[in-house]
Amino acid sequence: MSTTEGSGYEGFTAEERAAMKDHAKEQKKAARRASRAEKEAEAARDVVEKIAEMGDEDRIMAERVHAVIMDSAPALAPRLWYGMPAYALDGKIVCHFQPAEKFKTRYATLGFSDQAKLDEDTMWPVAFALTDVTPEVEERISALVKRAVS
């Protein structure tokens, strides 16, 4: 990669490096688990523990998002993905919650992967900013998640 004078490639941010380290740890931990049931149970515990470690604002939203996703799409298996709560179907991530503190952003994000069946015409949103999880937002999340796994 070439750079011009006064600008240069600074590499990954500390937050990005931490996310990659989280992902490597998650992969190593998953490889050590024995049975599928054990893997799923431990992965679900890891998600709950990660949510509990978050700062108040992110934690409150993550707890609500987690509850809505699990109620709306019980087929989704919770697991960590780059240190963030994520939800997978048949081993593939469908959606994830990115806390604002993760990358020092001004809002949390609910993101969907290409596995989510949210296709609409030739363009559709795959990430949503969250500043609060109200009952109306919970309804929207529930509808999106149900559609994503339909």
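The values are calculated or read from the model by the stated rules, or taken from the named source; none is laboratory data. Here the structure is a predicted model, which means the values were calculated and not measured. Using ideal geometry, Cβ is built from the backbone for each residue, glycine included, and neighbour counts are taken over all protein chains shown.
Quick rundown of the values:
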| quantity | calculated |
| --- | --- |
| Boolean, residue 90 is without any contact (Cβ under 8 Å) to a residue 60 or more places away in the chain and among the acidic types (Asp, Glu) | yes |
| Test result for residue 121, acidic (Asp, Glu) and either assigned to a strand (DSSP E or B) or touching a Pro at 6+ places or on another chain (Cβ under 8 Å) (or both) | no |
| Some residue of the range 1-14 being at pLDDT 80 or above and surrounded by 13 or more Cβ atoms within 10 Å (Cβ to Cβ) | no |
| From the options 22, 71, residue that is within 27 Å of residue 130 (Cβ to Cβ), at pLDDT 95 or above and not hydroxyl-bearing (Ser, Thr, Tyr) | 71 |
| Check on residue 109, among the polar types (S, T, N, Q) and more than 29 Å from residue 123 (Cα to Cα) | no |
| Check on residue 65, aliphatic (A, V, I, L, M), under 28 Å from residue 139 (Cβ atoms) and either without any contact (Cβ under 8 Å) to a residue 12 or more places away in the chain or assigned to a helix (DSSP H, G or I) (or both) | yes |
| Test: residue 29 is surrounded by fewer than 19 Cβ atoms within 10 Å (Cβ to Cβ), more than 14 Å from the chain's Cα centre (by Cα) and either without any contact (Cβ under 8 Å) to a residue 24 or more places away in the chain or more than 30 Å from residue 136 (Cα to Cα) (or both) | yes |
